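Dropping the structure in here first, questions after.
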Amino acid sequence: MVSGIVYLVGAGPGDPKLITVYGLECIQRADVIAYDRLVNKELLKHAKPTARLIYCGKEPGRHGLIQDEINQLLVAEGLKGHCVVRLKGGDPFVFGRGAEEAAVLKEAGVPYEIVPGITAGIAAPAYAGIPVTHRDFATSFAIVTGHGRAEKGQDFLDWASLKGIDTIAFYMSVGNIAHITAQLIAHGKVPTTPVAVIEWGTTSDQRTFTATLETITACIQNEQIVNPAMILVGEVVKVREQIEWFKEGVLSK
């Protein structure tokens, strides 16, 4: 009889203090922690001394464990009766492939729980002084991936459907920003729509820059912004001038 369990835990957006209480409890009791690249390593200090830490990070040109191997790892450790934490940046169900891992665990008969986390699409703008909704500027908010699966090419989004969305948070989008802005403009967004890019949001390395749809590509290139970075499109970006609060090493431009 299986006595192990796998917790799919959202580690939050970067600041280790933003993990949930329950997520931290899971880390503290885990026998095995399989963690991603964007997980703040400070969280791993809460693991018990006997816990096995396994890096599962993915980044361009270099992967830790590929997804199939991660799935197999979670199943194998759960079937051994271990308490396993799959620690993911942000929330496991927001572009985190948590649903795929849960489905594999379900099929294998391994007990699991989903522990939600704070996603970067909300947290990074908040630390930059930008609300994703605002009674004067935005009553709708969309979370969107900035790149699609290779076999789908560039046409991975229903671009026309985004025209009426007040605030759009693009994940994993820095490398595809020229295509994204061109498509948004082509499908009805005004070229002067405000845009913010937030690099390493909620951490001590956070940098925020503001521009417009027609100038953000050059801004990203000039400032040499790299992932992880959130791109926020919408009039709410203007609110930053009123409520900016987090002290960054580099001021917004």
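So in segment 1-43, with the set limited to residues that are among the hydroxyl-bearing types (Ser, Thr, Tyr) and part of a loop (DSSP other than H, G, I, E, B), which one is surrounded by the most Cβ atoms within 10 Å (Cβ to Cβ)? Show your work before the answer.
Here is the first cut: in segment 1-43, the residues among the hydroxyl-bearing types (Ser, Thr, Tyr) are 3, 7, 20, 22, 35.
Those still in the list that are part of a loop (DSSP other than H, G, I, E, B) too: 3, 20.
Details: Ser3: 11, Thr20: 16.
Top of the filtered list is Thr20.
Give me the residue from segment 186-197 that is of a type outside the set (Lys, Arg) and surrounded by 15 or more Cβ atoms within 10 Å (Cβ to Cβ) and, out of that set, farthest from Met230 (Cα to Cα). Outline the logic, then answer.
Step one: list which residues in segment 186-197 are of a type outside the set (Lys, Arg), which gives 186-188, 190-197.
Now restrict to residues that are surrounded by 15 or more Cβ atoms within 10 Å (Cβ to Cβ): 193-197.
Values: Thr193: 16, Pro194: 14, Val195: 10, Ala196: 8, Val197: 6 Å.
For segment 186-197, the residue satisfying everything is Thr193.
Residue by residue, here is whether (1) touching a Lys or Arg at 6+ places or on another chain (Cβ under 7 Å); (2) closer than 18 Å to Lys80 by Cβ; (3) among the aromatic types (Phe, Trp, Tyr) holds:
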| residue | (1), (2), (3) |
| --- | --- |
| Ala11 | yes, no, no |
| Asp15 | no, no, no |
| Tyr35 | no, no, yes |
| Leu38 | no, no, no |
| Glu42 | no, no, no |
| His46 | no, no, no |
| Pro49 | no, no, no |
| Gly57 | yes, no, no |
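Every number in this text was worked out from the coordinates using simple rules, so none of it is lab data. Nothing here was measured: the structure is a model prediction, and the numbers come from that model. When we count neighbours, we look across all protein chains shown, and the Cβ atoms used for this are built from the backbone with ideal geometry, even at glycine.
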